[in-house]
Each structure stands twice: as C-alpha cells, then as structure tokens.
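S.K.: Take a look at this one; I'll ask things after.
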Amino acid sequence: LESPVSRWTRSLLSLLADQDGAQLFRSFLEREAAVDTLDFWFACNGFRQMDLREPKTLRVAKAIHKRYVEHSAVSRHLKPATRSYIKDTIKKQQIDSAMFDQAQTEIQTLMEENSYQMFLTSDIYLQYI
Amino acid sequence: YDSEDDLLQKCISSAMPKKR
C-alpha cells in the first residue's frame, strides 16, 4: 500500500487531497507569504459545491472576488481577462458554479510549477518525512 | 447573520480534506 507521504510527491492534487499534506503545505506557504494561493484554491472548490439558489452563494462569490481576485498575491498572477470576467459576472449578478474555474486553473498551474516544487525540497517537508 | 469573512472561511473549510 502506498504511504500518504509518497502520494504527496505524485502530484499537487494528491498532496491537497490529504489532510496532513494540505496542512504541511499550508505551513510552508505561510512562511513564504503565499498562503492566499492555497486558500483561494480551496475557496474555489468550496464555491463550486454551493447552491446557486441560496442568497449566501452570491455573497461568497463577492467575498472571493474582493479578498483574492481584486487584491492579493493571487490577483497579480491572474490574467487580466480572467479578472475582468469574474468582475463582470459579479456586477451582473449572473454567478455560476464554474465562474472561478479559469482563475483556479491559473493558480493551480502556478503552484504546480513553483511552490509545490519548492515544498518538496523544503526543510519543513524533509523534516516531516 | 454571517459576515462575508465568516462565509468565506466556511467555504474554504468545507473544501479542506477530512481526516483519513
């Protein structure tokens, strides 16, 4: 049986699917001042599961937009077209479950190419294993 | 009535992996 730790090295998604893995990666990102990227990624997943008929879903979309898409470490890594698409969607109040998908993909690619690679060689990871 | 921050935190927590 494959150990959880060896799954972490398989992919970023395997790491994030494991509670200890996600927690350790979060600690690493806190140290790198990049934890917003991970919180945004989880917020997108959480948003996708929300019921669009509930009024609070629009409030969450607005909160994700304000907190991450407008101003944060996430914002500057998103394509301008992606940011304006989300802004327009909220302005028109025409939210849908997939409205953050493109932004989430851009941030996931960023983590896969940068922070995830750094994490796998970090002392925080090496000490854990 | 939850604030926007509370709703956001709940949304993030709901997507976090659960204990094995």
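Every read-out reported here was derived from the displayed coordinates using simple, explicitly stated rules and does not represent laboratory data. Keep in mind it's a predicted model, so treat the numbers as computed, not measured. In this analysis, Cβ positions are derived from the backbone assuming ideal geometry, glycine residues included, and neighbour counts consider all displayed protein chains.
S.K.: Per DSSP H run of at least 4 residues, take -39500 (n - 2.57); add these up for chain A, divide by its residues and hand me the 222 nm value, nearest 500 deg cm²/dmol.
M.R.: Dividing the helical sum by the residues of chain A leaves -18500 deg cm²/dmol.
S.K.: Among the listed pairs A:K66/B:K18; A:K79/B:K10; A:K87/B:K18; A:K62/A:K92, which have their C-alpha atoms separated by more than 22 angstrom in this model?
M.R.: A:K66/B:K18; A:K79/B:K10; A:K87/B:K18, as the Cα separations exceed 22 Å there.
S.K.: Would you calculate the separation in nanometres between label points at A:Q23 and A:S72, each defined as 7 Å from the Cα along the Cα-to-beta-carbon direction?
M.R.: So the label points at A:Q23 and A:S72 sit 2.2 nm apart.
S.K.: Calculate the spin-label point distance for A:T105 paired with A:L13, positioning each point 7 Å from the Cα along the beta-carbon direction, and give it in nanometres.
M.R.: 1.3
S.K.: Determine, from the Cβ-Cβ distance of A:Q94 and B:M16 and an R0 of 25 Å, the FRET efficiency 1/(1 + (r/R0)^6), rounded to the nearest 0.05.
M.R.: E between A:Q94 and B:M16, to the nearest 0.05, is 0.30.
S.K.: Right, another one. Assigning unit charges at the beta carbon (Lys, Arg +1; Asp, Glu -1) and nothing else, what dipole magnitude in debye, to the nearest 20, does region A:1-53 show about its Cα centre?
M.R.: 160
S.K.: On a 0 to 90 degree scale, rounded to 10, what angle separates helix A:35-48 from the longest Cα axis of chain A?
M.R.: Compared with the principal axis, the helix lies near 60 degrees.
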